[in-house]
Amino acid sequence: MEDLFTIAQQFSPEGRVVDVREFGNGNINHTFLVTLDNNREDHFILQRINTQVFSHPDLIMRNMRIATAYIQKRLDRSPLSPGRRWEVPRVLITRDGGDHWIGTDGSFWRAMSFIDAASFDMIRDTDHAREVGYALGVFHTLLSDLPAETLSDTLEGFHVTPRYMRHYDEVLAKCGIDGPPDAQYCRRFVSERRALAPVLENARAEGRLILRVIHGDPKVNNIMMDTASGQAVSIIDLDTVKPGLVHYDIGDSLRSGCNPLGEETGAWEKVRFDTDCCRAILEGYLKTARKFLTGNDFAYLYESIRLIAFELGLRFFTDYLEGDVYFKVKGPEHNLARALVQFRLTRSIEEQETAIRAIIRTMK
C-alpha cells in the first residue's frame, strides 16, 4: 500500500502535505487528520473506508454528495436563525476529478473538509444535550423534503432489528450455548426481549411510519461543538446517510447521549438512562423538527429509545459470538463488555418507561 502522505496528496492539489496522523476513535473506518502548508485550508480529514462493512463505497459517496449539496442549497436559500453557525462537510475531489481514490492494494480512500470545532464522547450538561438534539433536528429538517428514494440504501438492513435478530439466531446456532456467565446473561436478556425486534418495522409496513433521509449514526461524538459559544455547528460521519426511519436516529442519539458513564465503561452494572438529558435532547431536537413530525412519529418515540439501545447490545453480542468480525476491538471480551452496557441501558429505559413517556407527552 502507498504511504499515507502519498495518499493524502491525491486530495490536495493546492497544498503540500506536511503531516498525517490518526484522528478520532471510530469503530469502523480508519481516520486521519492531514495538515497542509496551504494558507487557504490548513487541514482536511482522510479516511480509509472499511469495504467489508460498506460493500458499495461508491454509493456512499454518491449519497454524501447528494445530501450535502441539498443541505447547502437549503441553507443558502433559508439560513438558520441569526447568530447560528452551521457547516456542511464538503467532499474533496482528487487530482483526477474523482470523489475517492483507490490504492494499489484496492483500498478505498476519501477526504472531507475539516470542521474547526470540538466533539465530545459524552454529554457534559443539559445545555450540551439540548445542542446535540438541535443538531439532529437541523439535519433532519434540512433534508425533510428530499425524497428518501433519491438516495441508495447503502447498508441494507441497517437498523432493521428483525434482521439483526435473525443473524444472531444463525450465529448462536453455530457457536452453541456454552460460555462465561456474562454471555449466558446476555443470551437470557435477548431471549426475554425478542418481541421488541419488529416494533418499528411493523409500524413502517402498516404505513404508520414513513421512510425519510436519516443520518444513521448520530451519536454524541458526531456532533461538532463551537467551544466558545457552546453551540452545535455541524454533524459529521455521513457514511450511513440513507433512507430509513427518523426513529432510528432519535433512538440512537438518546441511547448515546443519555448514558452518563458512556459506552465503554467497565462498570456496566451502574449504567443508567438519564431522563433529564433525555428531556433536553428532545427539546433541542423538536425546536426545529416538530414541524415535519406526525402524530404517529410521536407515538413511537419511546419504542425507538428502548429498541435502539437493545439493538446495539444485540449487535455487539452477536459480534462477540462470531469472533469480532465487524467492530474494532481491544481484546477478546471487548464486544461482550459493550453488549452488557447496552443491555443495562435498555433495562434502565424500561424501568423509567412512565417517566420517559410523560416527557414525550409534554412535547407534542
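Of the residues ARG65, ARG85, ARG21, the single one that is of a type outside the set (A, V, I, L, M, F, W, C) and either part of a strand (DSSP E or B) or assigned by TED's automatic domain parsing to the domain that holds ASP145 (or both) is ARG21. Of the residues screened, GLY313 is one that is touching a Cys at 6+ places or on another chain (Cβ under 8 Å), under 22 Å from GLY257 (Cβ atoms) and surrounded by 24 or more Cβ atoms within 10 Å (Cβ to Cβ). Here GLY103 fulfils each of the conditions (1) within 19 Å of the chain's Cα centre (by Cα); (2) outside the structural domain of LEU301 (by TED's automatic domain parsing); (3) not hydrophobic (A, V, I, L, M, F, W, C) apart from (1). Looking only at residues of region 242-275 that are of a type in the set (Val, Ile, Thr) and surrounded by fewer than 23 Cβ atoms within 10 Å (Cβ to Cβ), we find that the one that is modelled with the lowest pLDDT is THR265. In this structure, ARG338 does not satisfy being more than 24 Å from ALA195 (Cβ to Cβ), assigned to a helix (DSSP H, G or I) and within 21 Å of the chain's Cα centre (by Cα). Residue count for region 198-215 satisfying the condition of being touching a residue at least 60 places away in the same chain (Cβ under 8 Å) and either closer than 17 Å to PHE310 by Cα or outside the structural domain of GLN342 (by TED's automatic domain parsing) (or both): 2. Consider region 57-84 and keep the residues that are at pLDDT below 90 and of a type outside the set (A, V, I, L, M, F, W, C). The one that is surrounded by the most Cβ atoms within 10 Å (Cβ to Cβ) is ARG84. For region 14-28, taking the residues that are under 20 Å from ILE223 (Cα atoms) and modelled with pLDDT of 80 or more, the one that is farthest from the chain's Cα centre (by Cα) is identified as GLU22.
Give the residue that is farthest from ASP239 (Cα to Cα), with candidates limited to residues of region 29-42 that are buried (at least 17 other Cβ atoms within 10 Å of the Cβ) and touching a Ser or Thr at 6+ places or on another chain (Cβ under 9 Å). Going through the qualifying residues, I end up with LEU36. Here THR150 clears all of (1) in contact (Cβ under 8 Å) with a residue 60 or more places away in the chain; (2) surrounded by fewer than 17 Cβ atoms within 10 Å (Cβ to Cβ); (3) under 22 Å from the mean Cα position of the chain (by Cα); (4) closer than 25 Å to GLU264 by Cβ except the condition numbered (4). Before we move on, is VAL325 in contact with an Asp or Glu (Cβ under 8 Å, 6 or more places away or on another chain) and within 19 Å of THR265 (Cβ to Cβ)? No: the conditions fail for VAL325. Among residues that are crowded, with 17+ Cβ neighbours inside 10 Å, of a type in the set (Phe, Trp, Tyr), assigned to a helix (DSSP H, G or I) and touching a Leu at 6+ places or on another chain (Cβ under 8 Å), PHE343 is not included. Once region 79-95 is narrowed to residues that are more than 26 Å from the chain's Cα centre (by Cα) and free of Cβ contacts under 8 Å to residues at least 60 places away in the same chain, the residue that is farthest from ASP42 (Cα to Cα) is PRO82.
Scanning region 3-13 turns up no residue that is farther than 16 Å from LEU238 by Cβ, assigned to a strand (DSSP E or B), modelled with pLDDT of 90 or more and out of contact with any Lys or Arg (no Cβ under 8 Å at 6 or more places or on another chain).
Could you pull out the residue among PHE327, PHE298, PHE273 that is touching a residue at least 40 places away in the same chain (Cβ under 8 Å), farther than 24 Å from ALA195 by Cβ and not aliphatic (A, V, I, L, M)? Unique residue meeting the criteria: PHE327.
GLU156 - would you say it is under 27 Å from SER55 (Cβ atoms), without any contact (Cβ under 8 Å) to a residue 60 or more places away in the chain and not in a helix (DSSP H, G or I)? For GLU156, the condition - under 27 Å from SER55 (Cβ atoms), without any contact (Cβ under 8 Å) to a residue 60 or more places away in the chain and not in a helix (DSSP H, G or I) - is met.
The values are calculated or read from the model by the stated rules, or taken from the named source; none is laboratory data. Computed from a predicted structure; not experimentally measured. Cβ coordinates were reconstructed from backbone atoms using ideal geometry, including for glycine residues, and neighbour counts include every protein chain displayed.
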